[in-house]
Amino acid sequence: MMRMEKPRGWNTTVGKKVIMGLTGLFLVLYLIVHLAGNLTVFIPDGGRTMNLYSHTLHKTGPLLWIIRILLLLGFIYHIITGIQVTLRNRRARSDRYAMYASKGGPSKMSPASRWMIITGLLIAVFVPIHVNMFSLGPYYETVINGEPMRDIYRLVVERFKEPEVAFGYAAFMLFLCAHLIHGIWSAFQSLGANNRRLMPFLYSLGTVLSILIAGGFFVLPIYTYFFIPLP
């Protein structure tokens, strides 16, 4: 009897790039939602909108934890596959897949492309610091409409009034921008969008989206440091 072999498609470099692309786009979607919530700090209502937004999220209970677990798994898998692909490409000393996809379109051999593993590892270091600083930071309480809730606005403003936090956070957003510019483009490529007419548009879309996301997170601490008073 002929023995069935286990498919190995996901273990190939191209298969891992597909996984990396899917997890990457999932994380980009989260960044957009996360940024939308963070931008409520600009609303001049003393943090009311930001605190209500945060409180509403936490009231979802189990759903919020499911999302957190999915984010953690996606983040870890994205890092692992990214390292694996980088090591395989270095051993092979060439990346025919990327070169083939970039023919006639934007060049993949950009500084952001060459530094992807570095910017990725820097982001991997930044994320737990960010979580520890804000999600696990001091618990301040406020009352809105008679309902007690966490005063996340006060915590955010206090943190960003510290120059090392504000400017360090902003600096990391430059690495995020570089990572996203190459990453979003590469994700579309890995998922099969190799049409020569379509790729320049997707590259431009990824670049604009990267600048908007990273730019939003960049402005947040700088604006808070200079213009938002302590509660």
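The values are calculated or read from the model by the stated rules, or taken from the named source; none is laboratory data. Bear in mind that the values here come from a model prediction, so they are computed numbers and not experimental data. Don't worry about glycine lacking a Cβ; one is built from the backbone with ideal geometry, like all the others, and counts go over all protein chains shown.
Listed residues 68, 96; which is exposed (fewer than 15 other Cβ atoms within 10 Å of the Cβ), at pLDDT below 95 and not hydroxyl-bearing (Ser, Thr, Tyr)? I'd like the intermediate steps shown before the answer.
Working: 68 fails: at pLDDT below 95.
Every option except 96 fails the conditions.
Every residue, every condition in (1) more than 16 Å from the chain's Cα centre (by Cα); (2) assigned to a helix (DSSP H, G or I), yes or no:
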{"site": "137", "(1), (2)": "yes, no"}
{"site": "156", "(1), (2)": "yes, yes"}
{"site": "189", "(1), (2)": "yes, yes"}
{"site": "210", "(1), (2)": "no, yes"}
{"site": "216", "(1), (2)": "no, yes"}
{"site": "222", "(1), (2)": "yes, yes"}
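Looking at (1) of a type in the set (D, E, K, R); (2) within 27 Å of residue 218 (Cβ to Cβ); (3) part of a helix (DSSP H, G or I), can you tell me which one residue 45 breaks?
Result: residue 45 passes all but (3).
Could you say whether any residue in segment 162-185 is farther than 24 Å from residue 39 by Cα, in contact (Cβ under 8 Å) with a residue 12 or more places away in the chain and either in contact with a Gly (Cβ under 8 Å, 6 or more places away or on another chain) or surrounded by fewer than 17 Cβ atoms within 10 Å (Cβ to Cβ) (or both)?
Checked segment 162-185: at least one residue is farther than 24 Å from residue 39 by Cα, in contact (Cβ under 8 Å) with a residue 12 or more places away in the chain and either in contact with a Gly (Cβ under 8 Å, 6 or more places away or on another chain) or surrounded by fewer than 17 Cβ atoms within 10 Å (Cβ to Cβ) (or both).
Taking the condition of a type in the set (Lys, Arg) and more than 26 Å from residue 145 (Cβ to Cβ), does residue 48 pass?
no
Scan (1) modelled with pLDDT of 95 or more; (2) of a type outside the set (Lys, Arg); (3) part of a helix (DSSP H, G or I) for the single condition residue 182 breaks and write down its number.
Status for residue 182: all satisfied but (1).
Of everything in segment 104-134, what is at pLDDT 95 or above and in a loop (DSSP other than H, G, I, E, B)? Give them in sequence order.
134
Looking at segment 203-224 only, could you name the residues that are surrounded by fewer than 19 Cβ atoms within 10 Å (Cβ to Cβ) and aromatic (Phe, Trp, Tyr)?
Residue satisfying the conditions is 223 alone.
Mind listing just one residue for me: the one in segment 139-154 that is hydrophobic (A, V, I, L, M, F, W, C) and either in a loop (DSSP other than H, G, I, E, B) or out of contact with any strand residue (DSSP E or B) (no Cβ under 7 Å at 6 or more places or on another chain) (or both) and, of those, nearest to residue 87 (Cα to Cα)?
The selected residue is 152.
Being in contact (Cβ under 8 Å) with a residue 40 or more places away in the chain and farther than 14 Å from residue 46 by Cα is the filter here, so list the residues in segment 135-149 that pass it.
Result: 147, 149.
Name the residue, out of 142, 224, 207, that is of a type in the set (Val, Ile, Thr), in contact with an Asp or Glu (Cβ under 9 Å, 6 or more places away or on another chain) and more than 21 Å from residue 68 (Cβ to Cβ).
142
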